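All of the numbers you see were taken from the coordinates with simple rules; none came from a lab. Keep in mind the model is a prediction, meaning the values are calculated, not measured. Counting neighbours? That spans all protein chains shown, and the Cβs are built from the backbone with ideal geometry, glycine included.
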Amino acid sequence: MSTTETLTKTVNPTSLSLNNHHATSNVGHNDNAIQADVAYLKYEPTHELEKLYTMNYDTGGTFPRTNAKNELNTISIQNIRKMKAPPSFDTCGFATRKLQSVLKMADFDDSAKVEDVFYTEVKDLLKEMYPDACAIEVLEHQIRKRTQQFPYHTGEPYKNLLPTTLVHIDFTSESAALTGRAVFKDSADRYPNLLVVNLWKSLQGPGDDWPLALCDVRTVDYEKDVVSQDLVFDNRFNENLRVYYSDKHKWYYYANLQDDEIVVFQQMDSRARSGRGVPHSGFLNPCADEDAAPRVSVEIRVFINFK
């Protein structure tokens, strides 16, 4: 159930070089923040008249695959570890927690092991975070692996899911509620309040290759900055939120995530106005070591029900 897409550039494969991309990116940095590009939704007047959509299958050219256009914007991404008083999960919508999985990186290629072991580890963590939760259910997980040439596209199909490059929120309030009722009917029927969180863990070890950027929910105007988008597959559909650029947005990342750390961030809270989901995106880190291992990460979406 992919909830976003990836912005790539098609080039001659013989010209590809990760080092060259580091050298030519529109970025800068200091000890506390990185300047990097992320892809926001480009505003079009037609957004007032027709709903955004993206078709995640071959339409045969009968109509455009999407009516959404993207634009790169340079943002300042604060290293939250450098802050003397970093914001809490309750205020900004995200935080790190300790989770040392017994699984090794190679084990995450085995979906059965992930579902049997990692799902349990994540649920145990969330039980500690939310002791008053009535039901904690894992919806799905995804593994992302950056290829050496990404974000350039040679025209050949990618073998693995790639880092997200578009600023988005995984669910609208309506799509989260519908998904919860469809997949976890008993919990949805019994408990009226739903919290959806995404947990993101780096698997390749420290190195900050294509880390995750997170936007403080307090800086988002959910009435003006976000718009819903249909994600249509050949056998199902979902709905997420795309985000327009605003210079009021404040962005953060966690430098050098350790093996025993995981990022938890909110994607929908039925008790909060507009759902209060955290906009997020992967980004090219201009400060990463040239020999840093390409990003491998796992993300897992969890539905938490309350009375």
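What the table shows:
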item	result
Residue within the stretch 233-252 that is in contact with a His (Cβ under 7 Å, 6 or more places away or on another chain) and of a type in the set (D, E, K, R) present	yes
Some residue of the stretch 100-111 being β-branched (Val, Ile, Thr) and in contact (Cβ under 8 Å) with a residue 24 or more places away in the chain	no
Output for the stretch 89-143, where each listed residue is under 21 Å from ASN305 (Cα atoms), among the charged types (D, E, K, R) and touching an Asp or Glu at 6+ places or on another chain (Cβ under 8 Å)	ARG97
Residue list for the stretch 285-307, filter: assigned to a loop (DSSP other than H, G, I, E, B) and in contact with a helix residue (DSSP H, G or I) (Cβ under 7 Å, 6 or more places away or on another chain)	PRO286, GLU290
TYR119 more than 24 Å from CYS215 (Cβ to Cβ) and within 19 Å of the chain's Cα centre (by Cα)	yes
In the stretch 200-257, the residues that are over 24 Å from SER173 (Cα atoms), hydroxyl-bearing (Ser, Thr, Tyr) and assigned to a loop (DSSP other than H, G, I, E, B)	TYR254
